[in-house]
1. Tell me which residues, restricted to segment B:448-461, are open to solvent by 50 Å² or more (accessible area, probe 1.4 Å) and modelled with pLDDT under 85.
2. Report, ordered by the first and then the second residue, all pairs with beta carbons closer than 6 Å, sequence separation of six or more or different chains, a first member in segment B:363-379 that is modelled with pLDDT of 80 or more, and a second member that is crowded, with 24+ Cβ neighbours inside 10 Å and among the polar types (S, T, N, Q).
3. Within segment B:57-73, which residues are closer than 16 Å to B:Asp85 by Cα and of a type in the set (A, V, I, L, M, F, W, C)?
4. If you check every pair at least six apart or on different chains, which have Cβ atoms under 9 Å apart with a residue in segment B:111-130 that is within 7 Å of chain A (Cβ to nearest Cβ) and part of a loop (DSSP other than H, G, I, E, B) first and a residue that is of a type in the set (Val, Ile, Thr) and crowded, with 21+ Cβ neighbours inside 10 Å second?
5. Could you tell me whether segment B:72-87 includes any residue that is within 13 Å of chain A (Cβ to nearest Cβ) and touching a residue at least 12 places away in the same chain (Cβ under 8 Å)?
6. Give the residues of segment B:146-193 that are within 51 Å of the chain's Cα centre (by Cα), at negative phi and in a loop (DSSP other than H, G, I, E, B), sorted by residue number.
7. With the checklist (1) at pLDDT 90 or above; (2) open to solvent by 10 Å² or more (accessible area, probe 1.4 Å); (3) aliphatic (A, V, I, L, M) in hand, flag the one item B:Ile151 doesn't pass.
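The values are calculated or read from the model by the stated rules, or taken from the named source; none is laboratory data. As the structure is a computational prediction, the values presented were derived from the model and not from experiment. Heads up, the Cβs are rebuilt from the backbone with ideal geometry, glycines too, and the neighbour counts pull from every protein chain shown. These accessible areas exclude ligands, DNA and RNA; they are computed on the full protein's heavy atoms, side chains included. Shrake-Rupley method; radii C 1.70, N 1.55, O 1.52, S 1.80 Å.
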Amino acid sequence: MEPEQGQPAPDAEYVLHLYIAGATPNSAQAVRNLHDICQRYLPGRCEVQIVDIYQQPELARQQRIVAAPTLVKKEPGLMRYLVGDLSDRRRVLNVLGLKPDPNDPYLHD
Amino acid sequence: MTAASALPQLPKAPTGIDGLDEITNGGLPKGRPTLICGSAGCGKTLMSVEFLVRGILEHDEPGVLMAFEETADELSSNVTSLGIDLKQLVADKKLRLDHVHVDRSEIEETGEYDLEGLFIRLGYAIDSIGAKRVVLDTIESLFSGFTNQAILRSEIRRLFRWLKDKGVTTIITAERGEGQLTRQGLEEYVSDCVILLDNRVINQITTRRLRIVKYRGSTHGTNEYPYLITEDGISVLPVTSLKLEHNVSNDIVSTGVPELDEMFTRGGLYRGSSVLITGTAGTAKTTLAAFFAAAACRRGERCLFFAFEESPQQLIRNMLSVGLDLQPFVEQGLLYIEASRPTLNGLEQHLVTIHKLIGQHRPQAVVIDPISNLVSVGSITEVRGMLTRLIDYLKVQGITALFTALVNGRNANQEMTEEGVSSLVDTWLHVRDLEGIGERNRGVSILKARGMSHSNQVREFLVTDAGIRLLDVIIGPSGIVTGASRHTQFLQEQSVALAAQQEIERRERELERKRRVLEATIANLRTEFESVEEELRFTNREEERQHQELSQARRQIAAGHGARSANNSAAAPTNS
């Protein structure tokens, strides 16, 4: 299980659930990327839950997870599925509705 | 061959679908994936659902249905019409439905990924109920959700490998693609068994066909087999025609016309054999068929009559005109008349209707009148194929079958039926017009009767108020005669007989006369004889008297020596 809670913000602006498949390289990369994005762009504004679908296969079904890793953006706005290890920082930020920080070292142009 | 059969055969998972197991020699490869591809409306989903449901109900193999296009509710309601209750099976923990929804608009690809989510969901579903069968209903939908083809392809390849390792029998459905079996070329990944479904419209009639493109490690039927979606699910035809193994009966059943029975050495038809009556229009084929049906009903057997030309009422009325009342048999439930236009259904649908009615009524005799009308529905090859299956089916069921077929009258000696079924049937009767001097007569002959010898004559028959009557053979100066010639011949023979009779009478009289003359002569002679006799007698008596007188006289003379009284004696000689 181990839902890794971010900042306990009940009224968090962003609700992000990351579904990973154990400790595969893609999953580990996704976790690292998500942490970095949250710290850099959404300090204190997001509630992050990381779910290992190996541990909770029933959740994968409920949450309609097909690919791994998948980041589900529940809030704000429409629910979106971000499939992949979140390495495409510009695209992730675009979907999350965030403005790229020019100082972001992972921002590849 | 013996070595091969000694080796363990490829294990198979029976589908339970009518006919499919026969074609695949036992079912789909067990523990391996099978690809079912076809265009829209072919029944791919239905076939795979039926595979799952039958696996659960008949083989106690739980199943997982992973649907990429329809939700669980949609699926359930779609198959309810077939009497399948998916929800109950789900509640019984025999089935798991998992709808995989992939929506391009919701998905953003942000880097490397795999389809582990799918694997986990599938693995979880399989493990939670111990599933042995899995259906992935149109996995190709993934291609519309994800853009990275390289990942998808390698993941699908991995999925099939993984399913194989799990040992579940899997059906993967896919849409038919242009120039290849499936749109995404999935056939590359499934190497064990590929089944192709096809939906064709020919002459405004739809026929669904199934073909096994490949089946690694097993023999299989290679033809295209028609299949149907019926109320009971999918039915692939032929059901039984792959082998020629059926029990035969030595019983004899009547044709319904006693004189016709006599033309067969054994006095009728073998039970369970198939009979074909061919003839030109108006040669009483239907009437003969109705008599056959009535004979079966009189034996207390059930009979199914498929009428493709007349309605049941019309048939009953028309048969009344020849003194055959079918109504009581219908009322007793012995005779069931199924009337429909041949064009109502496709050939296969007809075959299935026939199968279904046979299953319902369990008849001992079946009449199809006429089979030649089916040509209006399909091509000759198709009709022949359908009839082959039908005849096979009836034989296996031990049902005596009678078919009528209209043959083209233009060619008088054409005895081939268009459908070429004559080689399939056991007994073949041909009724024909015997056209002579200004009239038509009906003649019936036996062209073949497998397993018994038969008359070689063309027998004239009459359809009278009291049924069918075969007439005795009359041989005229130029062979067998019929109709008016028969009548002429009859009159001629009658006059000849009369003349002969008169001749005999004349001779009798002559004889009588001779006898009388002779008798008169005899009487004459006797009279003559009597007069001669009388004369002789008279003469004899005279002589005797004279002799006596003479001897008396001598005695008197002798006595007269002494006494004179002798004179008196001389005056009254003997009388005193």
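1. B:Asn456, B:Gln457 - these are the residues of segment B:448-461 that are open to solvent by 50 Å² or more (accessible area, probe 1.4 Å) and modelled with pLDDT under 85.
2. What qualifies is B:Ala365/B:Thr400; B:Asp369/B:Thr404; B:Pro370/B:Thr404.
3. Correct list: B:Leu57, B:Val64, B:Leu65, B:Ala72.
4. Going by the 9 Å Cβ cut-off, the qualifying pairs are B:Gly111/A:Val83; B:Gly111/A:Val92; B:Tyr113/A:Thr70; B:Tyr113/A:Val83; B:Leu115/A:Val66; B:Leu115/B:Ile156.
5. Looking only at segment B:72-87, we keep the residues that are within 13 Å of chain A (Cβ to nearest Cβ), and these are B:72.
Add one more test, that the residue is touching a residue at least 12 places away in the same chain (Cβ under 8 Å), and what stays is B:72.
Yes, segment B:72-87 contains at least one residue that is within 13 Å of chain A (Cβ to nearest Cβ) and touching a residue at least 12 places away in the same chain (Cβ under 8 Å).
6. Step one: filter segment B:146-193 for residues within 51 Å of the chain's Cα centre (by Cα), giving B:160-161, B:163-193.
After this cut, where a residue has to be at negative phi as well, the list is B:160-161, B:163-166, B:168-178, B:180-184, B:186-193.
If the condition is that a residue be within 51 Å of the chain's Cα centre (by Cα), at negative phi and in a loop (DSSP other than H, G, I, E, B), then B:Val168, B:Gly177, B:Glu178, B:Gln180, B:Leu181, B:Arg183, B:Gln184, B:Tyr189, B:Val190, B:Ser191, B:Asp192 are the ones that fit.
7. Every condition holds for B:Ile151 apart from (1).
Listed here are the residues, each with its yes/no results for (1) open to solvent by 20 Å² or more (accessible area, probe 1.4 Å); (2) among the β-branched types (Val, Ile, Thr).
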{"site": "B:Glu187", "(1), (2)": "yes, no"}
{"site": "B:Ile195", "(1), (2)": "no, yes"}
{"site": "B:Arg200", "(1), (2)": "yes, no"}
{"site": "B:Thr206", "(1), (2)": "yes, yes"}
{"site": "B:Arg211", "(1), (2)": "yes, no"}
{"site": "B:Gly221", "(1), (2)": "no, no"}
{"site": "B:Glu224", "(1), (2)": "yes, no"}
{"site": "B:Tyr227", "(1), (2)": "no, no"}
